[in-house]
Every structure is written in C-alpha cells, then in structure tokens.
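Worksheet for the structure shown next.
The values are calculated or read from the model by the stated rules, or taken from the named source; none is laboratory data. Predicted model, so just to flag it, every value in this text is computed and none were measured. Note that each Cβ is placed from the backbone with ideal geometry, even for glycine, and that neighbours are counted across all protein chains shown. Just so you know, the surface numbers come from the protein's heavy atoms only, side chains and all, with ligands and any DNA or RNA stripped out. Shrake-Rupley method; radii C 1.70, N 1.55, O 1.52, S 1.80 Å.
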Amino acid sequence: MRAGFWFLLPSAIHFLTFEFGMVFLSAYMSLTQWDLFTAPDFIGIKNYVELLDDRLFWISLRNTVYWVVLVFPTSIALPLALALAVNTKIKGMTIFRTAYFLPVVASMVAVAVIFRWLYNPDFGLLNWFLGLVGIEPVDWLQNRATVMPALAAMTVWKGLGWNMTLFLAGLQAIPYHLYEAARIDGARKWSQFWHITWPLLSPTTFFVSVMTVIGSFQVFDAIYLMTGGGPGRTTTVYGYYLWVQGFREFHMGYAAAMAWFLFAVIAALTYAQFRFLNKRVNYELG
Amino acid sequence: MSSVSSEAKGGRLESTATRRRLAGKRCTRRALAYGALTLLAVVSLVPFLWGLSTSLKSIDEIFLFPPKWLPSDLRFDNYTTLWRDFPMNQWLLNSIKVSFVGVFGSLLFCSMSAYAFARLRFPGRDILFYLFLSTMMIPGAVTMIPSFVLMRYLGWIDTHYALIVPGLASAFGTFLLRQFFLTIPSELEDAARIDGARYWQIYLRIILPLSGPALATLGVFTFMGVWNDFIWPLIVINTPELMTLPVGLGFVNDVRNTDWARLMAGDMIMLAPTVVLFICAQRYFVRGITFTGMKG
C-alpha cells in the first residue's frame, strides 16, 4: 500500500501542481481582471459577458469553425483512403514510412518556413507547378479566399502519416477470413467495405475523429508562424486570438475566460461524439 | 464442376480460374499500393528537398523563375553566416539539454507512476488513473496561462527550469507505460516477492529491464515533443542565449527578413536530429502511435 504512494508521488505532485492546480487557478483567473503587474481584480463573470460582446471573439470563432470544416473531413478521409490503398504486403515499407513520416516529426517552425516559401506568389514552387498546367499564379497567403485552405492543406499534409498509421493498424486488425467468407458469398468490393471494413474500423475512426476535433479547435502554431492572423482578420482563429489577449495584451483574466469557453466547446463536442457515435462503434462483428 | 476441382486441389475453396483471377487482382492491388505509397512519399518529401536545395543556393539563384532544383554551385555560406550572426551553438546546446533532461525525467516519473497503476494496490487506484487520463482532454490554453503565472511567481521565467519542469510527467507517458507493464507476466514479480524482494527492487531489476521497447517508445515521443516545442518556450524565454532551436529560428524568421536561404539552412539544422532519430527509432514511433490508437 505504502509502496504505491511513493511510486505515485512524483507524478502526483506534478499533476497537482501543473494540471489540477492550473485548472483551478485558470478558473479563478477567468473571474478576474489581471495584467500580471498589478494585483488581480475580482470581477466575477464580467469577462464572459464581455466575450459575447467582443466582435473579434465571434470572428475568431467563425474562423475556427471554418478551419475545422476544412481540416476535419480531409484529415479522416484522405489518410483512410491511403491506408486502404496501401494495406497489402509491401516490401520496403520502412523506407516509405520514413518518407511519409517526415512531415509528422518535423518541427512546425521548419514546416512553416518551407511552406511560406512554397506559397510565394512570384518564386514559389506551387505556382511554378500550377503554371506548368496553365494556371495563373496565386498569392496564396495574401488572398483572403485562399489563405485558410492553404494553411489547412499544410496542416493536413503534416498529419497524414500519423492518421494513416492509425488506420493501417486498425485495418490490419480485421481478420482476413471475414473478407474471404464475404467474397465466397459473392459480395462486391463496396459491399465488403461497407459491411466489414467500416464497422470493424469504427473504433479507430472514432478515436481519430475525437482527437482531430480536439486538436483542430486549438490550432495556433500554423497561424502564428505563417500569417499572424492576417490578412486582416481572415486567419485569426480562436487559439490565436486567445494568445494575443493573454500574451500580447496581457489581459490574463480575459484570456483565461476564453480558454474555459474553448474547454467547454471541446468537452461538449467530445461528449456529443461519445454519445452519438460510440453507439455505432462495433468492437466485434455481428 | 467447381466442387469437383476444389476437391482435386486438396480441399481448396476456389477453382483454378478463380485463383488465377485473384492472383491477377493481387497484382493490381500491389501496384495500387506501391503507386499510392510512391505518390505519398513524393508529396511528403518534395517540400523538404526544396528547402534543402534552397539552403544551398546563392542569392541570385533563389529568385529565379522558373525555379531551379539543383544549385549550380553549392553554397554553404548560408549555414556559416547563420552561425556567425546568431548563437546557433547555444541554441543547439539548449535544445539538447532541455530534451535530454526532459526525456530522462519523463521516463523516470512516468515509469514510476505507471508501475504504481499497473501493479501496486492502493485505494482509489483506478479512479486516480482515470483522473490522470482526463487531463489529456484539457486544452493547452487552459493550463498555459496559469502556468505562465506560476513561472513568474517562482522566478523561473527566462530560465530552463520553466522549460523542463512543467513537462516532466505526462498522462500520455503514464498511460503508455502502464498498458505495457500490464502485459508483463506477474509470475516474475510473484517469484521475486516470494524471495523477499522489495517493490523498488522489482521495479529496478525486473520491470525496467523488461520494458526496453516501451521506454524507448516513450523516449522517442518525448524527445520529439520537447525538441519541436515552440509555443511554450516562446512564451517563457526572452533572452536569445537561452532560447531553444525552434524559438531561436522563429526569431531569425521574425526579423521579417526574406533571407530564404538562411532560413532554410536553419530549418535543415533543426530537422536533422529528428530525421536521424526517426530513422533509427522508427518502429518505436509506429508502435507508440498504434498503441494509443488501439485502446482508444
């Protein structure tokens, strides 16, 4: 009994301080007006009320929803399609994997610099490539219509290897004899997918779905490193605006309130996924 | 007709014609797979290769359109001027230091708590474990702001303590190792306990040595995470000499100069260790990812 206590102690202290403690401190901060240089000023829920009146709050929220719409389906469909295509005995998988994992393990700072250059309107590789097929050059990061999709594409590109690996693992866990039996019964490819693959893959799909929602709602790095919220307010997403409020304007209490609002949204969406999708997650066939 | 030939083939379920058709299908299947993998590999690598190519070019070659892939003369001075104008060695050293200490600390803390959750018995053990796990759902923004306040209060802003200490224990690490420890047969520990071994001896002499792969997996993950970490070091470190590589290079980036070649050179430096580490430790990485995906 006592052994358990001692082994757990370091992590427990760490968690109490940096996780639980922070949660409570953050909740308290959201009820104050605090700029870190003077004493905190307790103002109750005024921050939350002010949020609703804040034009930028709504703009950033809308931009974030747009971001999720761009990133979420692609982050699931594309890796899944790739995993399906690749799910065979392959020689030299290690080499391929090194290649498609490079974006995953690369630092976002490095990726951002490379993509900023790639998206360059005059000298960028992308416009050159498009020029080969006769498309006019586009200023990807300055054009308000293209900037979000451009950033989203970079983000999806960076995460492909990760999700694909998850899907591959899920696919490989599906017993082959099920497909054999289905084929003997005359099932076509699509039918096999719909009745065997999709249901038995649902735990993986569910996991990827939950993690992608949680992650995409918090996007910050890409925006900070590529566009700084611009042009104008086009790429000011929630995470970025939060950072601005907290670490540029030092409205710590306000930023903490924003963080809690985000927490509530993510928790609600995660709960919704658990409630409505988990029912359809099959762990066995039949 | 087909049933006759299937018996003749020793009970195989398909006729020759079917098997030939399936073999053909297998061929196309493999071709599709290789095609998809090649396309994916190309798409994944091209940006990096382009960055590498840019880093080795001279100024006039960069602003060429149509772009040139192979620089006609390799220039390494982008790298050398980077070192000359910015404290690259210091940044590298800082990153290495923070990463190594972080990995070591993480392995220590997480293995201890994972052992407690997997093997030791104490009241409320499972509830505590799920409590630990639930912290994974907390958005970074919620803990980041008060953590900054705490760092200020402790006087750790602009020190490496702020970079190392908050990352020492992680729910993910504890989770990963606990799942692994659960698979170690308990007969080994039972035997040791009968021989009078204390828990810490079991931990040191049995559990840890058997956990090489899992520890390596966690180590690789932690290293990648700490090495690439950007937001937090950006917030807590202000002095250039104390910065880690990503922040330092973000600093170079931020000077809003469009010295692309130099920026790319910096990128390549930052990427090199992760690439090398990944090539060596690939299977650990993959195992870690699939591990988390399986149990959901």
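Looking only at residues in the stretch A:130-154 that are of a type in the set (Gly, Ala, Ser) and outside any helix (DSSP H, G or I), which one is modelled with the highest pLDDT?
Of the residues in the stretch A:130-154, the ones of a type in the set (Gly, Ala, Ser) are A:131, A:134, A:145, A:150, A:152-153.
Pick out the ones that are also outside any helix (DSSP H, G or I) and you get A:134, A:145.
Numbers: A:Gly134: 84, A:Ala145: 90.
If we take residues in the stretch A:130-154 being of a type in the set (Gly, Ala, Ser) and outside any helix (DSSP H, G or I), then A:Ala145 is modelled with the highest pLDDT.
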Within the stretch B:121-161, restricting to residues that are modelled with pLDDT under 85, more than 7 Å from chain A (Cβ to nearest Cβ) and open to solvent by less than 50 Å² (accessible area, probe 1.4 Å), the one that is nearest to the chain's Cα centre (by Cα) is B:Leu133
Determine whether the stretch B:71-78 contains at least one residue that is modelled with pLDDT of 80 or more and under 26 Å from A:Leu126 (Cβ atoms).
-> yes
Yes/no for A:Phe206 being farther than 17 Å from A:Tyr66 by Cα and in contact (Cβ under 8 Å) with a residue 12 or more places away in the chain = yes
Say we look at the stretch B:84-107 and pick out the residues that are more than 17 Å from B:Met224 (Cα to Cα) and surrounded by 15 or more Cβ atoms within 10 Å (Cβ to Cβ); which of these is modelled with the highest pLDDT?
-> B:Gln90
Hits in the stretch B:278-296 - residues which are open to solvent by 20 Å² or more (accessible area, probe 1.4 Å), at pLDDT 70 or above and more than 7 Å from chain A (Cβ to nearest Cβ) = B:Cys280, B:Arg283, B:Tyr284, B:Arg287
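When the stretch A:1-46 is examined, which residues are found to be in a helix (DSSP H, G or I) and either away from chain B (no Cβ under 14 Å) or in contact with a Leu (Cβ under 7 Å, 6 or more places away or on another chain) (or both)? Walk me through it before giving the result.
Applying the first criterion (in a helix (DSSP H, G or I)) to the stretch A:1-46 yields A:2-29, A:46.
Once the filter is applied, which keeps residues that are in a helix (DSSP H, G or I) and either away from chain B (no Cβ under 14 Å) or in contact with a Leu (Cβ under 7 Å, 6 or more places away or on another chain) (or both), the stretch A:1-46 yields A:Ala3, A:Gly4, A:Phe7, A:His14, A:Lys46.
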So how many residues does the stretch A:174-191 have that are surrounded by 14 or more Cβ atoms within 10 Å (Cβ to Cβ), within 14 Å of chain B (Cβ to nearest Cβ) and either in a loop (DSSP other than H, G, I, E, B) or among the charged types (D, E, K, R) (or both)?
-> 2
Which numbered condition A:Ile214 misses (of (1) among the β-branched types (Val, Ile, Thr); (2) surrounded by fewer than 19 Cβ atoms within 10 Å (Cβ to Cβ); (3) without any contact (Cβ under 8 Å) to a residue 40 or more places away in the chain) = (3)
Pair list, Cβ under 7 Å, 6 or more apart: the stretch A:104-129 residue open to solvent by less than 30 Å² (accessible area, probe 1.4 Å) and outside any loop (DSSP other than H, G, I, E, B), other residue modelled with pLDDT under 90 and of a type in the set (Val, Ile, Thr) = A:Val105/B:Thr274; A:Trp117/B:Thr54; A:Asn127/A:Val138
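Taking A:Leu126, is it away from every other protein chain (no Cβ under 11 Å) and not small (Gly, Ala, Ser)? Spell out how you get there, then give the answer.
Values: away from every other protein chain (no Cβ under 11 Å): no; not small (Gly, Ala, Ser): yes.
So A:Leu126 does not fit the description; no.
Of the residues in the stretch A:81-101, how many are free of Cβ contacts under 8 Å to residues at least 12 places away in the same chain and either assigned to a helix (DSSP H, G or I) or at the interface with chain B (Cβ under 7 Å from one of its Cβ atoms) (or both)?
Initial filter on the stretch A:81-101 (free of Cβ contacts under 8 Å to residues at least 12 places away in the same chain): A:81, A:85, A:88-96, A:98-99.
Subsequent filtering for residues that are either assigned to a helix (DSSP H, G or I) or at the interface with chain B (Cβ under 7 Å from one of its Cβ atoms) (or both) retains A:81, A:85, A:88, A:90, A:93-96, A:98-99.
Total satisfying the criteria: 10.
State yes or no: is A:Leu8 crowded, with 20+ Cβ neighbours inside 10 Å and under 30 Å from A:Trp190 (Cα atoms)?
The answer is no for A:Leu8.
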Within the stretch A:135-160, residues farther than 13 Å from A:Met226 by Cβ, among the small types (Gly, Ala, Ser) and more than 14 Å from chain B (Cβ to nearest Cβ) come out as A:Ala145
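Which one is nearest to the other protein chains (Cβ to nearest Cβ), of the residues in the stretch A:231-256 that are hydroxyl-bearing (Ser, Thr, Tyr) and more than 19 Å from A:Pro40 (Cα to Cα)?
Residues of the stretch A:231-256 that are hydroxyl-bearing (Ser, Thr, Tyr), as a first pass: A:234-236, A:238, A:240-241, A:254.
From what's left, more than 19 Å from A:Pro40 (Cα to Cα): A:234-236, A:238, A:240-241.
Values: A:Thr234: 19, A:Thr235: 17, A:Thr236: 15, A:Tyr238: 9, A:Tyr240: 11, A:Tyr241: 11 Å.
Only one residue tops the list, namely A:Tyr238.
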Residues of the stretch A:61-103 being open to solvent by 20 Å² or more (accessible area, probe 1.4 Å), within 24 Å of the chain's Cα centre (by Cα) and hydroxyl-bearing (Ser, Thr, Tyr), in sequence order, are A:Tyr66, A:Thr74, A:Thr98
What is the one condition in (1) more than 10 Å from chain B (Cβ to nearest Cβ); (2) within 30 Å of B:Asp267 (Cα to Cα) that A:Asn163 does not satisfy?
-> (1)
